[in-house]
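J.: Next up is a structure, given as structure tokens.
Just so it is clear, none of the values below were taken in a lab; they were calculated from the coordinates. Worth saying up front: this structure is predicted, and the values here are computed from it rather than measured. Note that we place each Cβ from the backbone using ideal geometry, even for glycine, and neighbour counts take in every protein chain shown.
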Amino acid sequence: MNVLMPQLGETVSEGTIAVWHIKVGDTVTKDDPLLDVETDKAAIEVPAPEAGVISAINVAEGDTVDVGVVLVVIDVEGEKSTAADTETANPAAAPAQVPTPVAALISSPASTLATGAVAKSGAMLSPAVRKLVSRHNLDVSAIAGTGKKGRVTRQDVLAIINGGTARTDAAPAQTAVTGRSTPVPVPTPIGSDARSLIPFDRIRKLTADHMVMSKATSPHVLQAVEVDYTGVDAVRKSHGPGWKADKGYSLTYLPFIAKAIVLGLREFPKINSSIVGEALQLHPLINLGIAVDLNFEGLVVPVVRDCANKSVGQIAEGIKALSIKARSKSLSPDDFAGGTYTISNSGPFGTLMTAPVINQPQVAIMSTDGIRKRPVVIESESGDSIAIRPVGILAQSFDHRAFDGAYSAAFMNRVRNILEQQDWASEL
């Protein structure tokens with residue numbers, strides 16, 4: 001049985017072999033993990049479609065191949081192997097077969113990486129590496145690759161971007177390829193031993209790489225405003241019970257905040273953009289990336305598309321649907337594509353204020369933090385008074401290359417005014 005590079009979404013045409021979990025001669029059962037594949041939008045685990053014995057692995061770790069290429073051959077009891085089963089990966093030679101389904105999907109925060117190819121020593125670079133190299137105008141031939149067969153990895157590129165910080169996980173066996181005479185030392189844990197070390201999993205590595213790249217790329221500036229949610233709270237209390245009875249889940253603050261952001265972005269289009277070279281690319285659609293926590297095991301950022309004309313209720317339904325798909329590991333790479341602005345929601349944990357890291361190639365991201373009752377000074381013609389109101393902070397990190405603080409501050413003020421003054425009952 002041929003296991004092919006799966007079609008990982010309508011817009012994905014290739015994938016990079018990140019790691020093999022099996023070797024030739026291994027016996028696998030159905031749904032055992034065979035390998036991890038990275039695309040320009042996600043990292044996924046490819047499972048065994050049937051039980052059997054691994055008879056051939058056609059693609060090496062680090063190689064980038066097209067959808068439909070034969071990755072691995074499994075000898076299944078009762079099936080007769082053919083010559084095509086053991087040939088080098090070739091979609092034309094492989095018998096027609098539905099690509100292997102994806103068992104578990106993990107988001108790569110870098111959701112819009114480039115798909116152009118750059119060669120080094122005959123090896124193809126992964127989509128993530130190509131994006132970093134292009135963004136920072138680096139000479140790939142001058143970078144010592146620490147990957148298989150001298151392949152340049154994201155860690156290699158990030159080390160150059162961050163001033164030459166070397167990888168700490170390069171094995172001594174790689175010195176012959178990289179030209180290094182000694183392995184990079186790994187620091188000893190302080191006050192502990194190796195048993196307390198928790199190795200990064202794929203999603204943690206992807207997130208770490210993207211966060212470092214984002215901070216190295218964008219000059220981050222943080223601005224925050226305090227919001228009185230009295231109007232939103234009134235609608236939640238009056239419509240919340242009926243909403244939950246009808247939909248099966250609670251009506252939270254998040255969709256109201258998302259709608260206010262959408263309305264604000266329509267008035268401040270530079271914030272709904274990306275930097276391309278020395279220009280600002282304004283996006284015609286408002287596609288909101290919503291950060292979803294996977295029970296402390298990672299973070300994904302699927303996208304609610306075309307929010308400009310969506311009501312609060314429609315945005316709430318979109319967020320809920322994506323959250324369910326994320327936690328059931330059924331998101332597709334297309335669910336991550338096309339985001340133009342991201343919302344990070346730490347509010348359920350009662351945080352006061354968060355400085356989020358921009359989700360590249362976007363130019364801004366909003367953090368929604370805890371909403372609590374606080375004493376607030378109410379100004380009126382008859383004098384000032386103190387009232388107890390639900391109050392929370394919205395904090396935006398923005399790329400200072402894209403626009404200045406005054407533009408961001410005006411946007412934040414507009415979002416606050418919308419949240420405090422909008423007739424939210426008509427939005428459900």
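J.: Taking neighbour Cβ counts within 10 Å as the exposure measure, how do 280, 34 sort from fewest upward?
T.: 280, 34
J.: Okay, next question. For the range 356-409, would you read off the P(r) tail past 15 Å as a percentage of all alpha carbon pairs? Intermediate values should be presented prior to the final figure.
T.: Working: 899 of 1431 pairs.
In whole percent, the long-distance tail amounts to 63.
J.: How do 344, 141, 382, 238 line up, fewest other C-beta atoms within 10 Å first? Don't skip to the answer; put the middle values down first.
T.: Working: 344 23, 141 10, 382 6, 238 13.
Ordered by Cβ neighbours within 10 Å, fewest first: 382, 141, 238, 344.
J.: Starting from the alpha-carbon convex hull of the range 268-314, give the projected area averaged over all orientations, in nm². Intermediate values should be presented prior to the final figure.
T.: Values: hull surface 19.7 nm².
Seen from a random direction, the Cα hull of the range 268-314 projects 4.9 nm² on average.
J.: Among 296, 403, 398, 200, rank each residue by its count of other Cβ atoms within 10 Å, from fewest to most, as a rough exposure measure.
T.: Working: 296 6, 403 20, 398 27, 200 12.
Listing 296, 403, 398, 200 from fewest to most nearby Cβ atoms yields 296, 200, 403, 398.
J.: When a/c reaches 1.5 or more, the comparison of a/b and b/c decides; with that in mind, is the range 205-287 rounded, prolate or oblate per its Cα gyration tensor?
T.: Working: a/c = 2.39, a/b = 1.94, b/c = 1.23.
Here the range 205-287 falls in the prolate category.
J.: To continue, here is another question. Cα gyration tensor of the range 293-342, axes a ≥ b ≥ c as square roots of the eigenvalues: rounded (a/c below 1.5), prolate (a/b > b/c) or oblate?
T.: Working: a/c = 2.04, a/b = 1.56, b/c = 1.31.
It is prolate, given that a/c is not under 1.5 and a/b is the larger ratio.
J.: For the range 326-428, what class follows from the C-alpha gyration tensor (a ≥ b ≥ c being the square roots of its eigenvalues): rounded when a/c is under 1.5, otherwise prolate if a/b is larger than b/c, else oblate?
T.: On the way: a/c = 2.15, a/b = 1.62, b/c = 1.33.
Cα axes put the range 326-428 in the prolate bin.
J.: Here is a further query. Considering only the other residues whose Cβ falls under 14 Å of the Cβ of residue 425, what net charge follows from Lys and Arg at +1 and Asp and Glu at -1? Could the numbers behind the result be given before it?
T.: Working: positive: 236, 237, 259; negative: 233, 423, 427.
After counting each charged neighbour, the total is 0.
J.: For the range 220-427, with equal point scatterers placed on the C-alpha atoms only and solvent neglected, what are the log10 I(q)/I(0) values from the Debye formula at q = 0.08, 0.09 1/Å, to two decimals?
T.: Log-scaled intensity ratios, in q order: -0.27, -0.34.
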